[in-house]
Each structure stands twice: as structure tokens, then as C-alpha cells.
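Contents: one structure, followed by commentary.
The values are calculated or read from the model by the stated rules, or taken from the named source; none is laboratory data. Since we're looking at a predicted model, the values are computed, not measured. Virtual Cβ from ideal backbone geometry, glycine too; neighbours counted across all protein chains shown. Heads up: the accessible areas ignore ligands, DNA and RNA and are worked out on the full protein's heavy atoms, side chains in. Shrake-Rupley method; radii C 1.70, N 1.55, O 1.52, S 1.80 Å.
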Amino acid sequence: MLSVKKLEAFYGDFQALFGIDFEIGESETVSIIGSNGAGKSTFLKTVCGQLKAAPSAIIFAGEPIGGKPANEIVAKGIAMVPEGRRLFRSLTVEENLLMGGFAKRSGPWNLKRVYQLFPALEEKRNNLSTALSGGQQQMVAIGRALMANPKILICDEVSLGLAPIVVKGIYDALPKITSDGLAVIIVEQDIDTAMRVSDRVYCFMHGRVSLKGRSADLTKNQISDAYFGI
Ligand code: ATP
């Protein structure tokens, strides 16, 4: 569904990505791991149209989308759950969710389905988003992205600042999210969580893919070599 070939990315003269190859198919969950500065966020920014890329370096549903503006990319079906959630603080839970539906793509996701996925949000639908716990705020951020009915959901650092039990509760929802074809890309600092919840893993180091494979097949040694460059 998404095929990235020889992707390079720059901040001015500084090159942050060097020839990244990446694939994800329908219903797959793929995680990207790597230490600070490895290039994970830069990769997400190029896929979402926040950073320039060569058109043919990113092919989505058969169409070159590299360098297209972010709003066009959302409309085509790639939605992002940003690091830090970035909810609208003055809006209620339900209003935040409705903001996600502005792209007006048709598909299975609506308020009812988001509330089925995360029942805690229905109970708090009229509360300001700021009145929720960190985990519930993360659920709102995921629900808001799902309301755009994407084909690919990109989650940046979902677990940041959350207790492990809360993180588990959120990731336990993944099978219900991918059940009708949606693909999920996860950027995770927590390697064990990344391995547990994803079908495949890419490890980035210094702007390159240092390891890729099926999560079930990779050994801890392979991962620490690729992660720390030992
Ligand atoms: P982290 O886990 O810390 O977010 P990351 O893997 O997401 O790390 P990136 O943020 O993509 O890494 O950074 C990749 C490289 O690009 C780093 O060397 C970083 O210093 C550099 N970089 C990131 N953002 C900018 C920017 N706005 N301007 C210049 N260089 C940047």
C-alpha cells in the first residue's frame, strides 16, 4: 500500500535520511525503532508531507506522493497521531474527535465506532480534553485520526509519559483498528512494546535502515546491534 524507495531528506544542507526503503501492506502493523536522532520523526514528516521528498520516493496506493502538501496527503488517506497528542485544549472530547472528520473520506470510522473502541471516551464525551488522564488523551488523539478514515494510521511515540498498563490498554485496541484493512505505522522508544505489537520492525540508525524483519524472527542481539551500532 505504501512503498518508500531510496528516500532522502534534508534540513537545509543537513542530510537526515540516506536512501530509506520501507514497505507496509493492508492490515499490517509495522514499528520503527531507533535511538535519538536516528531519523524516525524525519521519516514520518516526509511521509506526511511536512518535509520535502522526491515525488517517486514515496508511492501510496500506486501514486507518487513525495513532497505533496500535508492536507493532500491526509485527504488521500494517511493520518498522523502526533507526538505529544496536540489536542485542542479548549474543545471537548467529542469536538476533538469531530475535528478529525474534516477530511470527509468515507469509511467505517465514526463517533460510534471510536466510542466502541475506547468506551472511556464516551463517558467523558462532554468533558474538556484537558480534564482527561494522559492515556485517555492519547485515545482521543488516536480516535481523532481514525475519524479521517485513513488507510494508514501513523502513531508517533504513543507510549511517551504513560504507565505500562495504560500503554498496553491502548495497544490492545490495535487488532480492532487493523481488522478492516487499515495499516498502522508505530514509532516506539520502547523496543519490547514495539516487538510485541507489530508484525514487522524497521530499526533506523544515523538516517539509514540498520535492520528490518518480522518481529517474531528477530533476536534481541540482532536488535541491540542494529539499535546501538555495536
Ligand atoms: P527522537 O527519538 O529524538 O525524536 P528521531 O529518530 O526521531 O529522534 P529525528 O528527529 O528524525 O530523529 O532527527 C534525525 C536527525 O535530523 C538528527 O540528527 C536531528 O538532529 C536532525 N534534525 C531533526 N530535526 C531537525 C531540524 N528541524 N533542523 C535541523 N536538523 C534536524
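Observations on the structure shown:
- Normalised per residue, the accessible area of the range 2-228 is 46 Å², obtained with a 1.4 Å probe and no contribution from ligands, DNA or RNA.
- Of K151/K176; K6/K104; K52/K212; K6/K40; K104/K151, pairs whose Cα-Cα distance is over 21 Å: K6/K104; K52/K212
- Where the Cα pairs of the chain fall when distances are cut into 10 Å bins, in %: 8, 34, 36, 19, 3, 0
- Reported to the nearest whole Å, the Cα centre-to-centre distance from the range 54-124 to the range 204-230 is 30.
- Across the options N96, G34, I177, the greatest Cα extent toward the positive end of the charge dipole of the chain (unit charges at beta carbon of Lys, Arg, Asp, Glu) belongs to N96.
- Dipole moment magnitude, nearest 20 debye, the chain about Cα centre, only Lys, Arg, Asp, Glu C-beta charged: 400 debye
- The protection proxy used here, the mean number of other Cβ atoms lying within 10 Å of each residue, ranks peptides 182-188, 119-125 as follows, highest first: 182-188, 119-125.
- Label-to-label distance, N221 versus Q189, with points set 7 angstrom from Cα along the beta-carbon direction: 2.9 nm.
- Surface share of carbon and sulfur [accessible, 1.4 angstrom probe, percent] for the chain: 53 percent
- For the chain, calculated [θ]222 nm from helices alone, where every DSSP H run of n ≥ 4 adds -39500 (n - 2.57): -8500 deg cm²/dmol
- DSSP finds beta bridges in the chain, and of those with both partners inside it, around 55 percent are antiparallel.
- A dipole drawn for the chain from +1 and -1 charges on Cβ atoms has a positive end, and of Q137, G19, I165 the residue lying farthest that way is Q137.
- Among the GluC sites (Glu not before Pro) found in the range 11-58, those both in a DSSP coil and sparsely packed, with 12 or fewer other Cβ atoms within 10 Å of their Cβ, are E26.
- Working from Cα pairs under 8 Å separated by at least six residues, relative contact order for the chain is 27 percent.
- Its Cα centre serving as origin, the range 53-102 has a Cβ charge dipole (Lys and Arg +1, Asp and Glu -1) of approximately 120 debye.
- A simple spin-label model places the labels of A131 and E8 5.3 nm from each other, with each point 7 Å out along Cα-to-Cβ.
- Ranking L211, G107, S198 by Cα position along the charge dipole of the chain, where only Lys, Arg, Asp and Glu carry charges on their C-beta atoms, puts G107 farthest toward the positive end.
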